[in-house]
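Beneath this line is the structure, given in structure tokens, with notes to follow.
The values are calculated or read from the model by the stated rules, or taken from the named source; none is laboratory data. Every value quoted in this text rests on a predicted model; they were computed, and no experiment measured them. Cβ placement follows ideal geometry from the backbone for every residue including glycine, while neighbour counts extend to all protein chains displayed. Only protein heavy atoms, including side chains, enter the accessible area calculation; ligands, DNA and RNA are left aside. Shrake-Rupley method; radii C 1.70, N 1.55, O 1.52, S 1.80 Å.
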Amino acid sequence: MTTSSGSQATPSRVLGTADAVTVGAAAMIGAGVFAVFAPAAEEAGAWLWVALLIAAVVAYCNATSSARLAARHPESGGTYVYGRERLGELWGYLAGWAFTVGKAASCAAMALTFGAYVAPELARPLAVAAVVALTAVNYRGLRTSAGLARVLLAAVLAVLAAVAAVGLLGSEANPAQLAVSGHWPGFFGLLGAAGMLFFAFAGYARIATLGGEVRDPATTIPRAIGIALAGVFVVYLVVAAAALTVLGRDGLAESSAPLADTVAAAGWPELVPVVAVGAALASLGALLALILGVSRTVAAMASDGHLPRSLAATHERFGGPHRAEAAVGAVVCLIVLVSDLRGAIGFSAFGVLVYYTITNASALRLGPRENRPPLLVPVVGLAGCLVLAFTLPLSSVVSGAAVIAAGAAVWALRRLVLDRRG
């Protein structure tokens, strides 16, 4: 089999709207939905709905900015490309750096989550096996990846539908527990919960990072992002309502496995293993989409020389950046084997918000003839990302800022070397 690389390497445009929606939704509906509502309820209390709405508004602004930019720059790489083209090389590089480093940690977290659900005592070996298997799937091209994502997403949605049905329709349901009332959690509590819930939405930009492999990107990408985000918001709304009606705010806040506890408290303990299977499959779906997105950003950065140019190679038969995919898989396996992920997830969260801050800043540079979004959209998105970033736990802010600073130092060193050679 032959490959090509460099500027002549072009990916195959194989994704239609349905496949793009599937990839985006699979990236969003990861293992987070099975756990995120508990810590969010602990922070926001009765104001959980307000926190979910704030998260959805920021996600919508980010998604709209991403969609408009992707339509103008239909290349793989996402905000790395948008920042480079609209704000300058440094900002594009920082977006790519934040995304690549942060999402590599997220890949490892999803892999370990899968291992923990299947067999906790073998979590790391199973996590490595999952990364290797899904990297192999991605290597064979986006058609194969999208087909697997569709199967995983359907299975996870079926599990979430079962949770919603037994929670909302069972005899233990108490709709009065959905009311927004009680103790005001304070702005940090409310925004901290919104930040956690925001990361449950993260994944809609996966469609944009695959821009070079989407058919009719000017139409397909904005439509797919909008459909995926709206659908996932409805799913989260229904699932949160089911958990709250059964467990109540205090019970939800104290739960370590909120959806499993919901079906058990609703009188369906036999569904607890089904929920565990759903969480494991959701982890695989998110991991599949994450590896896709990170490898495309790595390939885009490599084609500009910020990473080894050989990683930009495109497989002639399968149409994907096969070397970047293999490299990302290897790095994620290494993180799985050696890292304490708690700290890694902290800077991952911070890095995602930095990434979308640059997305919204790039959208502000769109011209009136470039289908730019209403001014309020990127402004709210940019401000929302900054506020959520700096209301994260202090350790997350410090570790995230350190990683971004390290990336800036690498860029400055490279520029210095290039300038001296010039």
On the basis of being farther than 17 Å from G285 by Cα, in contact (Cβ under 8 Å) with a residue 40 or more places away in the chain, open to solvent by less than 20 Å² (accessible area, probe 1.4 Å) and of a type in the set (A, V, I, L, M, F, W, C), does I221 make the cut? yes
Per-region count, the range 139-161, residues among the small types (G, A, S), surrounded by fewer than 18 Cβ atoms within 10 Å (Cβ to Cβ) and touching a Leu at 6+ places or on another chain (Cβ under 9 Å): 1
Of the residues in the range 114-153, those that are in contact (Cβ under 8 Å) with a residue 40 or more places away in the chain and either more than 17 Å from G329 (Cβ to Cβ) or small (G, A, S) (or both) come to Y117, V118, A127, A130, G141, R143, S145, A146, A149, R150, L152, L153
List every residue pair whose Cβ atoms lie under 6 Å apart, where the two residues are 6 or more positions apart in sequence or sit on different chains, the first residue falls within the range 366-388 and is under 15 Å from S66 (Cβ atoms), and the second residue, located anywhere, is β-branched (V, I, T). P373/T64; V377/T64; L382/T357; G384/V58; C385/T357
What pairs come out if I take residues in the range 85-103 that are crowded, with 20+ Cβ neighbours inside 10 Å and pair them with residues that are among the charged types (D, E, K, R) whose C-beta lies under 7 Å away, six or more apart or interchain? R86/R365; G92/R84
If you check L178 against the conditions, is it aliphatic (A, V, I, L, M), surrounded by 15 or more Cβ atoms within 10 Å (Cβ to Cβ) and within 26 Å of A20 (Cα to Cα)? no
Inspect all residues belonging to the range 140-148 and state whether any of them is basic (K, R), outside any helix (DSSP H, G or I) and modelled with pLDDT under 80. yes
Just to be sure I understand, how many residues within the range 53-84 are surrounded by fewer than 24 Cβ atoms within 10 Å (Cβ to Cβ) and closer than 17 Å to Y236 by Cβ? 5
Tell me which of these E172 doesn't satisfy, since it passes every other one: (1) surrounded by fewer than 13 Cβ atoms within 10 Å (Cβ to Cβ); (2) more than 26 Å from A282 (Cα to Cα). (1)
Matching option when the condition is within 18 Å of the chain's Cα centre (by Cα) and farther than 25 Å from R365 by Cβ, among F99, F114: F114
Inside the range 282-400, counting only helices (runs of 4 or more DSSP H) that do not spill past its ends, which hold 3 or more residues that are within 17 Å of A202 (Cα to Cα)? 341-363, 376-389
Among the residues that make up the range 253-262, is at least one of them surrounded by 24 or more Cβ atoms within 10 Å (Cβ to Cβ) and in contact with a strand residue (DSSP E or B) (Cβ under 9 Å, 6 or more places away or on another chain)? no
How many residues of the range 231-245 are closer than 17 Å to G170 by Cα and open to solvent by less than 20 Å² (accessible area, probe 1.4 Å)? The answer is 7
When (1) of a type outside the set (D, E); (2) within 18 Å of L197 (Cα to Cα); (3) outside any helix (DSSP H, G or I) are applied to V234, the one that fails is (3)
How do the pairs read when you match residues in the range 182-210 that are modelled with pLDDT under 80 and assigned to a loop (DSSP other than H, G, I, E, B) with residues anywhere that are open to solvent by 10 Å² or more (accessible area, probe 1.4 Å) and of a type in the set (S, T, N, Q), using Cβ under 9 Å and keeping only pairs 6 or more apart or on different chains? A202/S106
